[in-house]
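Undergrad: Would you mind keeping the following structure in view while I ask a few things?
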Amino acid sequence: MTGPLLAIEDLNVRLPRGSDRSHAVEGLSLTLEKGEILCIVGESGSGKSMTALAAMGLLPRNLPKPTGRVVFEGTDLLGLDERRRSDITGRRIAMIFQEPTAALNPVYRVGEQVAETFRLHTDLSAAEIRDRVVDLFREVRLPNPEQIVHSYPHQLSGGQCQRVMIATALALDPAVLIADEPTTALDVTTQAQILRLMLELRQRHGAGIVFITHDFGVVAEIADRVAVMQQGRLVEIGTREEVLHAPKADYTRRLLAAVPTLDPRISRTDLGKPVLLARKIVKTFSGNGLFGRGRSVKAVDAVDVTIRQGETIGLVGESGSGKSTLAQCVIRLVEPDNGEVIISGGAFTGLRGSALRDARRRVQIVFQDPYTALDPRQKIGAAIAEGPRVHGVSAGEAMQRAFDLLDAVGLDRASADRFPHEFSGGQRQRICIARALAVEPDLLIADESVSALDVSIQAQILDLLADMQRRLGFGMLFITHDLRVASRICDRIAVMRAGRIVEEGEPATLFDNPQDPYTRELLAAVPGRDWQTAPPGQTKARAES
């Protein structure tokens with residue numbers, strides 16, 4: 001075969017009437033060579049995922065049929081009927097989606113779900129299919145593949161579920177692999193493993209890989225070429241070195257400028273009195289249900305945390321390290337088994353009823369997913385004003401406070417009369433921050449509040465949190481798995497593993513001289529660290545070594 005493995009030529013995907021623009025993808029042309037990794041980057045709404053869905057024939061049915069050509073091995077996929085196209089994409093082109101737990105069926109064992117691909121597209125016997133599934137699980141480095149084929153999705157970690165999805169995609173040895181944000185929600189060590197696996201699979205199978213991401217650190221690790229999209233159009237394409245070190249488009253330069261680095265913030269001395277004293281917090285979960293089999297896990301193991309007024313403490317660690325459970329114990333979304341929590345000098349543990357409700361005004365939380373944090377039936381002005389009204393503020397004063405906060409987070413006051421679905425993800429997170437600050441808390445907990453956002457929106461939210469903290473003086477517990485983000489906003493960083501804090505210190509000390517081996521492992525796994533520190537022309541993908 002001559003020519004590129006996959007060629008997209010003048011692809012156009014129209015949006016329904018009333019959308020913010022006419023096309024999701026407009027006039028897009030790009031190619032993918034055999035054995036090449038092409039990263040497509042851009043903000044949410046840039047058309048990255050729509051391009052992949054159009055190539056796979058998976059566009060929503062409410063959209064008009066795309067125009068242009070998607071040529072694979074000499075065949076225009078857009079010109080085929082659904083049956084022929086499904087046969088080609090099922091066997092020769094595979095896709096890995098962003099959220100593996102949503103893509104896997106919770107009521108079927110993972111081995112059965114991978115086996116379904118073989119049953120649909122091959123004549124292999126049941127025994128042969130089982131052997132192939134076990135071999136695939138071994139290839140993607142799943143532990144104990146003979147046993148894990150019998151597991152349900154909820155019994156696996158996020159990284160393991162993503163490996164199952166990669167195994168499904170590789171089942172029929174595809175020529176093209178499309179990976180749509182497959183590492184966005186993963187912690188840095190698991191992310192590094194997935195990226196290393198991608199490079200190994202490219203080398204062993206010779207597949208061309210289209211890797212969709214908004215993380216330029218990931219681009220630095222694995223890309224051969226980079227395509228930058230904005231508002232459905234291709235604004236720049238080039239080699240990894242060209243795009244990362246000599247970008248031509250202003251939009252690309254703005255995206256690169258927003259990428260956080262491991263440069264620690266300057267330590268501050270103008271901090272106030274303690275707003276959080278958490279002492280010897282313990283939380284154990286016992287699995288006595290249908291799938292638990294009596295196993296107990298100590299999620300938080302005698303942890304101490306102190307946060308002063310105006311101070312930000314970062315809590316970092318892998319998924320399952322206990323970060324979110326500790327936060328939930330502090331705010332008492334789950335009850336700690338032992339320990340004491342004092343907020344602004346007042347006891348928080350042991351409170352019940354109206355006393356607990358009144359005390360909760362002093363601590364608020366912003367969650368990771370702004371799409372599920374807001375009631376879709378409630379206008380955002382009412383959502384922001386609701387907290388103050390619950391705590392005795394008059395309706396007029398509460399709404400005025402909502403208007404002031406909308407101004408503070410950079411949204412128009414007219415936004416108060418709109419519903420959540422009318423806002424982007426970054427705007428929704430601003431609304432969630434405004435809602436949390438409406439009751440004027442002494443302590444704000446931000447639980448992975450920027451991990452799913454584009455780098456430009458992420459930078460805006462981090463700046464917003466820092467600005468609001470300067471204005472209002474609250475302390476902040478900032479939970480993240482991204483050490484680059486932590487270095488940008490935190491005064492101190494606590495590293496958590498297996499329910500314990502293994503190391504704590506100022507960012508400069510922690511990054512320059514980490515004492516615990518686990519901290520060194522986290523720092524080594526930060527994607528793109530070499531790109532951000534190496535001179536132009538010396539970038540090397542660490543995952544290849």
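The values are calculated or read from the model by the stated rules, or taken from the named source; none is laboratory data. In this text the structure is predicted, and so the values were computed from the model without any measurement. Neighbour counts are summed over all protein chains in view; Cβ atoms, including those assigned to glycine, are modelled from backbone coordinates with ideal geometry.
Undergrad: Testing R268 on (1) surrounded by 18 or more Cβ atoms within 10 Å (Cβ to Cβ); (2) over 29 Å from the mean Cα position of the chain (by Cα); (3) under 30 Å from P527 (Cβ atoms), one condition comes back false. Which one is that?
TA: Evaluating R268 over (1) surrounded by 18 or more Cβ atoms within 10 Å (Cβ to Cβ); (2) over 29 Å from the mean Cα position of the chain (by Cα); (3) under 30 Å from P527 (Cβ atoms) leaves (1) as the failure.
Undergrad: Filtering the range 59-106 down to residues that are of a type in the set (S, T, N, Q) and touching a residue at least 40 places away in the same chain (Cβ under 8 Å), which residue is nearest to D10 (Cα to Cα)?
TA: T67
Undergrad: Still on this structure: If we scan the range 440-459, do we find a residue that is closer than 12 Å to V409 by Cα, at pLDDT 90 or above, not assigned by TED's automatic domain parsing to the domain that holds G45 and not in a helix (DSSP H, G or I)?
TA: Checked against the condition, which is being closer than 12 Å to V409 by Cα, at pLDDT 90 or above, not assigned by TED's automatic domain parsing to the domain that holds G45 and not in a helix (DSSP H, G or I), the range 440-459 yields no hits at all.
Undergrad: Which of the following residues is touching a residue at least 60 places away in the same chain (Cβ under 8 Å) and of a type in the set (S, T, N, Q): Q147, Q162, Q113?
TA: Just a single option satisfies the conditions, and that option is Q162.
Undergrad: Which of the residues belonging to the range 12-60 are of a type in the set (D, E, K, R) and over 20 Å from D215 (Cα atoms)? Lay out the reasoning, then the answer.
TA: Within the range 12-60, the first condition is being of a type in the set (D, E, K, R), and the residues that meet it are 14, 17, 20-21, 26, 33-34, 36, 43, 48.
Those that are of a type in the set (D, E, K, R) and over 20 Å from D215 (Cα atoms): R14, R17, D20, R21, E26, E33, K34.
Undergrad: Which of the residues spanning the range 38-59 are in a strand (DSSP E or B) and buried (at least 24 other Cβ atoms within 10 Å of the Cβ)?
TA: Those that are in a strand (DSSP E or B) and buried (at least 24 other Cβ atoms within 10 Å of the Cβ): C39, I40, V41.
Undergrad: Look through R254, R225 and report the one residue that is surrounded by 17 or more Cβ atoms within 10 Å (Cβ to Cβ) and touching a residue at least 12 places away in the same chain (Cβ under 8 Å).
TA: It is R225.
Undergrad: Pairs only if they're at least six apart or on different chains, beta carbon under 7 angstrom, first in the range 228-239 and surrounded by fewer than 19 Cβ atoms within 10 Å (Cβ to Cβ), second assigned to a strand (DSSP E or B) and of a type in the set (D, E); list them, first residue then second.
TA: Close Cβ pairs satisfying both conditions: R233/E26.
Undergrad: Answer yes or no as to whether G35 is assigned to a loop (DSSP other than H, G, I, E, B) and over 22 Å from the mean Cα position of the chain (by Cα).
TA: Yes: the conditions hold for G35.
Undergrad: All but one of (1) modelled with pLDDT of 90 or more; (2) closer than 21 Å to L32 by Cα hold for D135; which doesn't?
TA: (2) is the only condition that D135 fails.
Undergrad: Are there any helices (runs of 4 or more DSSP H) wholly within the range 309-386 with 1 or more residues that are at pLDDT 90 or above and closer than 20 Å to Q429 by Cβ, and if so which?
TA: Qualifying helices (runs of 4 or more DSSP H): 323-331.
Undergrad: So which of A246, A278, A327, A347 is among the hydrophobic types (A, V, I, L, M, F, W, C), closer than 19 Å to D442 by Cβ and exposed (fewer than 14 other Cβ atoms within 10 Å of the Cβ)?
TA: Working: A246 fails: closer than 19 Å to D442 by Cβ; A278 fails: exposed (fewer than 14 other Cβ atoms within 10 Å of the Cβ); A327 fails: exposed (fewer than 14 other Cβ atoms within 10 Å of the Cβ).
Result of the check over A246, A278, A327, A347: A347.
Undergrad: Is it the case that F216 is in contact with a strand residue (DSSP E or B) (Cβ under 9 Å, 6 or more places away or on another chain), under 27 Å from N105 (Cα atoms) and aromatic (F, W, Y)?
TA: Taking the combined requirement at face value, the residue does not satisfy it.
Undergrad: Looking at (1) assigned to a helix (DSSP H, G or I); (2) closer than 25 Å to L271 by Cβ; (3) among the charged types (D, E, K, R), find the lone condition where E397 falls short.
TA: Against the list (1) assigned to a helix (DSSP H, G or I); (2) closer than 25 Å to L271 by Cβ; (3) among the charged types (D, E, K, R), E397 comes up short only on (2).
Undergrad: Give D516, D454 a once-over and let me know the one that is in contact with an Asp or Glu (Cβ under 8 Å, 6 or more places away or on another chain), buried (at least 21 other Cβ atoms within 10 Å of the Cβ) and over 23 Å from V363 (Cα atoms).
TA: Values: D516 fails: buried (at least 21 other Cβ atoms within 10 Å of the Cβ).
Every option except D454 fails the conditions.
Undergrad: Scanning for something more than 26 Å from the chain's Cα centre (by Cα) and assigned by TED's automatic domain parsing to the domain that holds T252, does the range 1-24 turn up at least one residue?
TA: No: zero hits.
Undergrad: Another question, if that's okay. List pairs: first in the range 416-430 and in contact (Cβ under 8 Å) with a residue 24 or more places away in the chain, second polar (S, T, N, Q) and part of a helix (DSSP H, G or I), Cβ under 9 Å, 6+ apart or cross-chain?
TA: F423/S415; G426/S456; G426/Q458; G426/Q460; R430/Q460
Undergrad: In the range 1-29, what residues are out of contact with any Asp or Glu (no Cβ under 9 Å at 6 or more places or on another chain) and among the hydrophobic types (A, V, I, L, M, F, W, C)?
TA: Of everything in the range 1-29, those that are out of contact with any Asp or Glu (no Cβ under 9 Å at 6 or more places or on another chain) and among the hydrophobic types (A, V, I, L, M, F, W, C) turn out to be A7, I8, L15, A24, V25.
Undergrad: Can you pull out every residue in the range 66-98 that is under 22 Å from D173 (Cα atoms), of a type outside the set (A, V, I, L, M) and not in a helix (DSSP H, G or I)?
TA: Correct list: F72, E73, G74, T75, D76, F97, Q98.
Undergrad: Do the conditions hold for G27, that is, is it touching a residue at least 60 places away in the same chain (Cβ under 8 Å), at positive phi and not assigned by TED's automatic domain parsing to the domain that holds A179?
TA: For G27, the condition - touching a residue at least 60 places away in the same chain (Cβ under 8 Å), at positive phi and not assigned by TED's automatic domain parsing to the domain that holds A179 - is met.
Undergrad: Quick one: how many residues across the range 352-381 are free of Cβ contacts under 8 Å to residues at least 12 places away in the same chain and not β-branched (V, I, T)?
TA: Residues in the range 352-381 being free of Cβ contacts under 8 Å to residues at least 12 places away in the same chain and not β-branched (V, I, T): 4 in total.
Undergrad: With the condition kept exactly as written, say whether any residue in the range 120-134 is within 30 Å of L77 (Cβ to Cβ), touching a residue at least 60 places away in the same chain (Cβ under 8 Å) and either surrounded by 18 or more Cβ atoms within 10 Å (Cβ to Cβ) or not assigned by TED's automatic domain parsing to the domain that holds V297 (or both). Explain how you work it out, then say what you get.
TA: Let us first name the residues in the range 120-134 that are within 30 Å of L77 (Cβ to Cβ), namely 120-124, 128-129, 132-133.
Within this subset, residues satisfying the condition of being touching a residue at least 60 places away in the same chain (Cβ under 8 Å) are none.
No.
Undergrad: Which is of a type in the set (S, T, Y) and on the phi > 0 side of the Ramachandran plot, of S344, S296, S354?
TA: Being of a type in the set (S, T, Y) and on the phi > 0 side of the Ramachandran plot holds for just one of S344, S296, S354, which is S344.
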